[in-house]
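For reference, the structure is listed below as C-alpha cells.
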There are 2 protein chains.
Amino acid sequence: MKMVCTKKNLNSGLTITSRVIGSGNTLPILNNILFKTEDGRLKLSSTNLEMAINTWVGGKIEEEGEITVPARLINDYVNNIAADKITITSKNHTLFLEAEKAQTHIKGLSSEEFPLIPEIKDENFAKVDGKEFSKIIRQVTFAAAFSETQPEISGVLFSFDGSDLVLAATDRYRLGEGKVKLTAPITTPKQVIVPARAVNELARIVGSGIVEILLGEGQICFRAPDVELVSRLIEGQYPDYKQIVPKNYSTEAEVDKEQFMQSLKAASLFTSENKNIELDLNPQNKQIVIKSQSSQVGDSEISVDAVFAGQKNTIVFNYRYLLECLSNLADERVTLKAISSSSPAAIVPVGRENYLYIVMPIKI
Amino acid sequence: MKMVCTKKNLNSGLTITSRVIGSGNTLPILNNILFKTEDGRLKLSSTNLEMAINTWVGGKIEEEGEITVPARLINDYVNNIAADKITITSKNHTLFLEAEKAQTHIKGLSSEEFPLIPEIKDENFAKVDGKEFSKIIRQVTFAAAFSETQPEISGVLFSFDGSDLVLAATDRYRLGEGKVKLTAPITTPKQVIVPARAVNELARIVGSGIVEILLGEGQICFRAPDVELVSRLIEGQYPDYKQIVPKNYSTEAEVDKEQFMQSLKAASLFTSENKNIELDLNPQNKQIVIKSQSSQVGDSEISVDAVFAGQKNTIVFNYRYLLECLSNLADERVTLKAISSSSPAAIVPVGRENYLYIVMPIKI
C-alpha cells in the first residue's frame with residue numbers, strides 16, 4: 001500500500017475507529033485498526049466482535065494494499081506530530097508513515113488475521129437526521145439494563161413504524177422512550193433490539209448529516225457520511241413496555257430542571273444505602289418538597305417551586321433514577337407526573353412531545 | 001454557635017479547606033472540618049496532621065461556638081443548594097443549616113477531638129507576591145522525590161537570602177530551581193525544607209494578594225488574605241545541589257516549547273521500558289532530531305527546528321524527565337543546553353532569568 005493524505009483527515013478517522021477498541025483484549029488483532037485501500041480511498045476498520053466501525057479517508061492512492069496496526073499507538077502518534085501531509089506505505093507487516101519532519105515504522109499484523117466485518121448490501125431501510133437521532137439516543141439509552149442474564153433489555157428497542165422511529169430502553173425499574181422522524185415513511189413496520197453499547201457509540205459518531213439505516217441477517221448498519229457502524233442485533237422478545245405507561249395522572253408539577261436536579265443531588269447526600277428520597281408534591285404551597293434522612297449522616301428538606309395541576313401526592317424514589325434522566329435532558333423545564341405512591345410516575349420535558357421517562361416508585 | 005453568612009463565601013471556604021482532607025482516614029475526625037467562631041468571623045480548619053488549612057468566612061455572629069462536620073458532605077451539600085444566605089447553628093454535636101428553601105441537620109463530632117493546629121505567633125519573616133509565587137511553585141515542586149527513605153528530598157528547599165526566595169526540588173536525577181522576589185529584603189539568610197505536598201497545595205490556595213511567610217519551631221505558615229496554610233518542616237540536610245549545576249555549556253538549542261513537547265510525546269510511544277530517547281543536537285541542519293525505538297513496537301525519528309549556538313551533541317534522556325518540565329512551563333520558547341552525553345543538561349525558558357531545570361542524561 002502507498003497513499004498520501006492530510007494529517008487532519010487521518011487523525012479524525014483514527015479517532016473514530018479507535019473508540020470501539022477496548023483495553024485488555026486477549027486477541028491482539030482486536031487492538032488493531034485495519035488499513036485498506038478501497039475505491040480510491042483509505043478505509044479504516046475496527047471491531048470488538050459485537051460491533052464494528054468503518055470510516056473512509058480521502059487521499060491519493062499510489063498502490064493498493066492492506067495492513068493492521070495497534071490503534072492506540074498510531075492514534076497517539078498522529079495526534080502528536082506536526083504535519084500537513086502524511087505518506088502511508090506498508091511492506092512486510094510494517095507501516096511506514098512519513099511527514100516532512102517525522103517518520104516512523106510501526107510493526108503491524110497481517111490483515112488476514114482481522115475478523116471479517118459483515119457487509120450489509122441491501123438498500124437502506126430508513127433514514128433519519130443525525131443530529132436529532134444522537135440527541136434522542138442519549139436520552140433513552142442510559143435506561144437500558146446492564147444485565148447479562150436478560151440480554152433483550154441490555155439493548156435498545158428500535159421500532160420503525162410509518163414516519164417514526166421510536167427508541168425504548170428499560171431495566172424494568174424505569175423506561176426511556178424517544179421518537180425521531182424518518183425522512184420518508186416506510187411501508188412495513190419493523191422492530192429490532194440493538195446492544196446499548198453500540199447505540200451509545202452511534203451517538204458519538206453521527207454528525208449533522210443524514211444517517212441511513214440498513215438491516216441484514218442478525219445485523220444492523222448505520223451509515224453516516226464517511227463513517228458507518230455495524231452491530232449485531234439481540235435476539236429475543238422485548239418486554240411489552242407500553243402496558244406500564246399510564247394513560248392519566250392525578251398530579252402534574254412543572255419545575256426548573258436544573259434547580260430540581262441540584263436539589264436532588266443535595267438531598268441524595270442524606271440517603272442510606274437504599275438511596276430513597278421522598279417527594280411531597282404540594283399544590284397548596286406550590287412546591288415539591290424533597291425529604292431525605294440517614295441515621296448516620298443527618299437529614300435534609302429542600303423545596304423547589306413548581307406549577308401544579310391536580311392533587312397532593314407523596315412518593316418515594318431511588319434518587320439515581322431521577323437524576324440519570326434529568327442529567328441527560330437539555331430542556332429548561334420538565335413536568336413530573338404522578339398518580340399515587342405505588343404507581344409509575346413520569347418525567348416529560350415541557351414543550352416537547354417526543355420524549356417520555358417512566359420511573360417506578362419505591363413502595364415503603 | 002449561630003451565624004449568618006452568604007452561600008458564596010461559605011462555599012469557597014469549604015472548597016479550600018476540603019482539599020487537605022484525604023480519603024480513607026482511619027481517624028474519623030480527620031474527615032471533618034472544624035467550624036469555630038473567632039473575632040467576629042467563622043474560622044474553618046482542616047488538617048491531615050502534616051499540614052493544616054485555616055480560612056475565614058465573614059458574616060454575622062449571633063452566638064459563639066464550635067463543632068466539626070464531615071468535609072465532603074457539607075461541601076457537596078452547600079455546592080448544590082440554591083441559596084443566597086445561610087444560617088448556621090450548632091447544638092449537641094449537630095450542625096443545622098437553614099436557607100430559604102433548604103434546611104439540613106448534619107451529624108458532627110465534638111471540636112474537642114479535633115487535632116490542635118499549631119499557631120505561629122511571630123511576626124512575618126518574609127513576604128512574596130502570591131501570583132508569582134504560585135507560578136514558580138508549579139515549575140519546581142514536580143521535581144521532588146516521592147521517596148520515604150530520603151525524606152529531605154521529598155520536600156522543597158526554601159532558601160531566603162537578601163531580596164530572594166529560591167525554591168529547589170530534586171530527586172537526584174533532575175532538579176528544578178526557581179526564584180521569586182521578596183517584597184522587602186531580609187537580613188538573616190535562612191533555609192527550610194517544606195513537604196512537597198504542602199507546597200503543591202499552597203499553589204492552589206494563594207491568589208493574587210501578598211503572601212506572608214512565618215517561621216515557627218519546626219513549622220512554617222503561609223498567610224494569604226483570608227486563608228493560611230500551616231505545615232511541618234522536614235528535618236535534615238538538603239543535598240548541595242549547586243555543585244551539579246554546570247557553569248558553561250557546549251551546545252545551546254532554542255526551540256518552540258509546544259512543538260518540542262508534542263514531538264517528545266510522539267517519540268515516547270516508541271520507547272521500551274527504559275523510556276530512553278536520543279536527542280541529536282545538530283547545528284548544521286538547525287534541528288534537534290528525536291530518535292526512539294522499541295523492538296516490539298517500531299521506531300520513530302522526528303525533527304524540531306532550533307536556533308543553535310555551539311557544537312554538535314548527542315544525548316540520551318528518560319523522556320519523562322523532559323516532558324514533566326516542559327508541561328509545567330507556560331513559556332513559548334525554551335533553550336536546551338548540553339555539554340556531552342554524560343554531563344547534566346539544562347532547560348531554561350527564553351527571556352526569563354528566574355528558572356532553571358537540570359536533567360541527568362542516561363549513560364548508554
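If ligands, DNA and RNA are left out, what is the accessible area of A:Val192 with a 1.4 Å probe, given in Å² to the nearest 10?
10 Å²
What are the nm distances, shortest first, from A:Ser294 to its equivalents in the other copies, labels at 7 Å along Cα→Cβ?
List, nearest first: 4.2 nm.
Could you work out the relative contact order of region B:126-242, using alpha carbon pairs under 8 angstrom and six or more residues apart, expressed as a whole percent?
Dividing the mean separation by the residue count of region B:126-242 yields 29 percent.
For the rotation that brings chain A onto chain B, whose beta-carbon in chain A is nearest the axis, and what is that distance in whole angstrom?
A:Ser23, 13
Once the label point is set 7 Å along the Cα-to-beta-carbon vector, what list of distances in nm do you get between B:Ser12 and its counterparts in the other copies?
Ordered by distance, the counterparts are at 4.1 nm.
Given a 1.4 angstrom probe, I'd like the percentage of the accessible area of region B:230-282 that is carbon and sulfur, rounded to a whole number.
So the carbon and sulfur contribution to the accessible surface is 41 percent.
Between the alpha-carbon centers of region B:167-190 and region A:68-102, tell me the distance in whole angstrom.
If we compute the Cα centre of each part, the gap is 44 Å.
Any chance you could look up the accessible area of B:Asp122 with a 1.4 Å probe, heavy atoms only, rounded to 10 Å²?
Approximately 90 Å² for this residue.
When the helix-only estimate is applied to chain A (DSSP H runs of n ≥ 4, each -39,500 (n - 2.57), divided by the residue count), what is the mean residue ellipticity at 222 nm, nearest 500 deg cm²/dmol?
After summing the helix terms and dividing by the residues of chain A, the value is -5500 deg cm²/dmol.
With respect to the cross-link table entries B:Lys8/B:Lys60; A:Lys337/A:Lys363; A:Lys101/B:Lys275; B:Lys85/B:Lys107, which display a Cα-Cα separation exceeding 25 Å?
Over 25 Å Cα-Cα: none of the listed pairs.
Could you list log10 I(q)/I(0) for the protein assembly as shown at q = 0.05, 0.06, 0.08 Å⁻¹, which the Debye formula gives when each Cα is one point scatterer?
Results for the protein assembly as shown at q = 0.05, 0.06, 0.08 Å⁻¹ read -0.37, -0.53, -0.93.
Where nothing but the Cβ of Lys and Arg (+1) and of Asp and Glu (-1) is charged, how large is the charge dipole of region A:246-359 around its Cα centre, in debye to the nearest 20?
With only Lys, Arg, Asp and Glu charged at Cβ, the dipole is about 220 debye.
From the residues B:Pro185, B:Ile137, B:Phe222, which one has its Cα farthest along the dipole of region B:126-242 in the positive direction, the dipole being from +1 and -1 charges on Cβ of Lys/Arg and Asp/Glu about the Cα centre?
Result: B:Ile137, furthest along the dipole toward the positive end.
Please compute the contact order of region B:246-359 in relative form: average sequence separation of alpha-carbon pairs under 8 Å and at least six residues apart, divided by the residue count, as a percent.
Relative contact order comes out at 30 percent.
Report the local net charge at B:Asn79: Lys and Arg +1, Asp and Glu -1, summed over other residues whose C-beta lies under 13 Å from its C-beta.
Taking every other residue near B:Asn79 into account, the sum is +3.
With a 10 Å cut-off between alpha carbons and a GNM built on chain B, which of B:Ala126, B:Ala82, B:Ala145 moves the most?
Among B:Ala126, B:Ala82, B:Ala145, the largest mean-square fluctuation in the Gaussian network model of chain B belongs to B:Ala82.
Starting from the Cα of A:Asp122, move 7 Å in the Cα-to-Cβ direction to define the label point; list residues of region A:168-207 whose amide nitrogen is under 14 Å from there.
Under cut-off, by backbone N: A:186-193.
How much space per residue, in cubic angstrom, does the convex hull of the C-alpha atoms of chain B take up?
170 Å³
Suppose we flag GluC sites (Glu not before Pro) only when DSSP calls them loop and at most 13 other Cβ atoms lie within 10 Å. Which is the longest uninterrupted stretch of chain A?
That would be A:149-216.
In square nanometres, what is one fourth of the surface area of the convex hull spanned by the alpha carbons of region B:126-242?
6.6 nm²
Given axes a ≥ b ≥ c from the Cα gyration tensor, I'd like to know whether region B:246-359 is rounded (a/c under 1.5), prolate (a/b larger than b/c) or oblate.
Verdict is prolate for region B:246-359.
So how much accessible area does A:Arg352 have, in Å² to the nearest 10, using a 1.4 Å probe?
Counting only protein heavy atoms, A:Arg352 exposes about 60 Å² to solvent.
Mind giving me the nanometre distance, one decimal, between the label points for A:Glu332 and A:Lys131, set 7 Å out from Cα along Cα→Cβ?
That separation, rounded to one decimal, is 1.9 nm.
So what is the relative contact order of chain A, in percent, for Cα pairs below 8 Å that sit 6 or more residues apart?
Once divided by the residue count of chain A, the mean separation gives 12 percent.
Work out the length of the dipole vector of region A:126-242 about its Cα centre, built from +1 on the beta-carbon of each Lys and Arg and -1 on the beta-carbon of each Asp and Glu, and round it to the nearest 20 debye.
For region A:126-242, the charge dipole is close to 320 debye.
Between B:Ser342, B:Tyr319, B:Asn285, whose Cα lies farthest towards the positive end of the dipole of region B:246-359 when Lys and Arg beta carbons carry +1 and Asp and Glu beta carbons carry -1, centred on the Cα centre?
B:Ser342
Measure off 7 Å from each Cα along the Cα-to-Cβ vector at A:Ser23 and A:Leu323, then give the distance between these two points in nanometres to one decimal.
Between A:Ser23 and A:Leu323, the label points sit 2.5 nm apart.
What gaps in nm, shortest first, separate B:Ser342 from its twins in the other copies when you place the label 7 Å past Cα toward the beta carbon?
B:Ser342 label point versus its equivalents elsewhere: 8.7 nm.
State the antiparallel share, in %, of DSSP beta bridges confined to region B:246-359, rounding to the nearest 5.
Antiparallel: roughly 100 percent of the beta bridges in region B:246-359.
The values are calculated or read from the model by the stated rules, or taken from the named source; none is laboratory data. Computed from a predicted model, the values in this text were never measured in an experiment. Backbone-built Cβ (ideal geometry, glycine too); neighbour counts: all protein chains shown. Heavy atoms of the whole protein, side chains included, go into the accessibility calculation; ligands, DNA and RNA do not. Shrake-Rupley method; radii C 1.70, N 1.55, O 1.52, S 1.80 Å.
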